[in-house]
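A.B. asks: One structure is given below, represented as structure tokens, and several questions about it will come after.
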């Protein structure tokens, strides 16, 4: 009977030991290939976990340049998916605010709709710059700015300017304070904010 040639380790070629070695090598090669493949998908997978630009915009603070905001003008920005109005009030607008108090539901802003630093007659850090979330506190509709002297019969003859919600008729003055006997239960919300310079506002962050 012919003899099977021996391998250097003394075992016959083609023995179970040789097959075991081949299997181990195949397993190692397969594992190595798997690691390479996993490394190839690791970056896209991590990227998919990272928040999108839209998601960051929904929760992050928003810095706004107000250097071009003219007296009486309003600038709208988005913060957390909500419209935020920034209005530069004129002296006439500020003078008219206390004249509205008797007609307002919460003229002193006692309900918690603003940070403590905005709990004043102007509901603002600087009297002339008013920042508010442009969403009615009734059912979440978006009011519109209506100037004094408007022909809109829904706001009344004594209208000094402010915001009107056409959905159900709620009205707010130029400090976002709701008038009495309106569907909206509270004043417009004043979001946390602070000035990072004379001409730049940070909406959504009030910690320096």
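Rule-based calculations on the coordinates, nothing more; no lab input. Because the structure is predicted, anything quoted here is derived from the model rather than measured. Here the Cβ positions follow ideal geometry from the backbone for every residue, glycine too, while neighbour counts run over all protein chains shown.
A.B. asks: Which percent of the Cα-Cα distances in segment 55-203 go past 27 Å?
C.D. replies: For segment 55-203, the fraction of Cα-Cα distances above 27 Å is 16 percent.
A.B. asks: Ranked by Cβ crowding within 10 angstrom, fewest neighbours first, how are 75, 180 ordered?
C.D. replies: Lowest count first: 180, 75.
A.B. asks: Using per-residue counts of other Cβ atoms within 10 Å, averaged over each peptide, order 138-144, 165-171 from highest down.
C.D. replies: 165-171, 138-144
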